[in-house]
Amino acid sequence: MKILVPVKRVVDANVKVRVKADGSAVELANVKMAMNPFDEIAVEEAIRLKEAGKAEEIIVVSIGPQQAQETLRTALAMGADRAILVKTDEQTEPLGVAKVLKGVVEAEQPGLVILGKQAIDDDSNQTGQMLAALLGWAQGTFASKVVIDGDKAKVTREVDGGLQTVELKMPAIVTADLRLNQPRYASLPNIMKAKKKPLDEKSPADFGADVKPRLKVLKTEEPGGRKAGVKVKSVAELVDKLKNEAGVL
Ligand code: AMP
């Protein structure tokens, strides 16, 4: 079985995001970029499945600018086998990405696609679900555990009330949540080896997909600062404030 893992290049999770002076978007010039953290978890899960003998090949794919190659190389250094860069300088949106991924799935025929549950730049949490809908495949989103048994995948999902386990008939879509695993760091020898692994370059048109933005950003602004808190002297005062000022009791 092949596993396909889509990985997105996003602003590094440790960087403080700033809004452009004209409020049109988030500042991306000279900002450290990295693989979306949930995609690292997705790559790790694919590697563990391969190590457990459940998969033979891991293909990573990124839709984005030339620099997304670096993100793919990171995934190759972690242990993926080959990479596809679907090059576009357009701002990618979940629907456009899902359309490209549908084309990649049709070309590569994976048994499983593992995505991140969301990209931390736009926080859309849509691509996996849209891809499942376009392909007509089963989906297990917010996965905290994945067990493959023959042509079935048992996925434990993190839902509001606790955990839900669903059984999917493969081929299927899984999206990775935070507790699925702890991704490994790529070792130096593996970073060197990754430079020689195959990386194909394609365009959205190669997959018959149109990635032109459909969404219009009206405004981007920083969240308002938090107001300073107050210290109360007694429980009675706290209860009084909750009742009469916050109105929550
Ligand atoms: P989103 O729906 O934008 O929150 O993204 C969910 C997941 O879809 C991410 O964690 C990635 O696995 C995948 N994804 C989204 N955008 C891209 C992209 N441009 N290239 C590759 N994978 C992507």
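The values are calculated or read from the model by the stated rules, or taken from the named source; none is laboratory data. Not measured: the values here are computed from a predicted model. Neighbour counts are summed over all protein chains in view; Cβ atoms, including those assigned to glycine, are modelled from backbone coordinates with ideal geometry. Please note that ligands, DNA and RNA were not included when accessible areas were found on the heavy atoms of the full protein model with its side chains. Shrake-Rupley method; radii C 1.70, N 1.55, O 1.52, S 1.80 Å.
Computed values, structure above
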| item | result |
| --- | --- |
| For the chain: relative contact order, % (alpha-carbon pairs under 8 angstrom, 6 or more apart) | 24 percent |
| Amide H contacts of residue 138 (H built 1.01 Å from N, under 5 Å, at least 5 apart or other chain) | 173 |
| 0 to 90° range, to nearest 10: angle between helix 37-51 axis and the chain longest Cα axis | 40 degrees |
| Reachable lysines from residue 2, criterion Cα separation under 18 angstrom, eight or more residues apart if same chain | 50, 54, 102, 152, 154, 169, 197 |
| Sequence-distant aspartates and glutamates (8 or more away, or on other chains) whose Cα lies within less than 13 Å of residue 16 | 27, 121, 222 |
| Solvent exposure ordering (accessible area, 1.4 Å, most first) of 102, 195 | 195, 102 |
| Spin-label model distance (nm) - residue 28 vs residue 1, 7 Å beyond Cα toward Cβ | 3.4 nm |
| Heavy-atom SASA rank of 165, 220 (probe 1.4 Å, accessible area, largest first) | 165, 220 |
| For the chain, the longest site-free run once GluC sites (Glu not before Pro) in DSSP loop states with at most 12 other Cβ atoms within 10 Å are removed | 57-220 |
| Extreme residue, positive dipole direction of segment 2-224, given options 83, 168, 213 (C-beta unit charges) | 83 |
| Heavy-atom SASA rank of 248, 146 (probe 1.4 Å, accessible area, largest first) | 248, 146 |
| Relative contact order for segment 124-249, counting Cα pairs under 8 Å that sit 6 or more residues apart, in percent | 17 percent |
| Convex hull of segment 2-224 built on C-alpha atoms - directionally averaged projected area, nm² | 12.9 nm² |
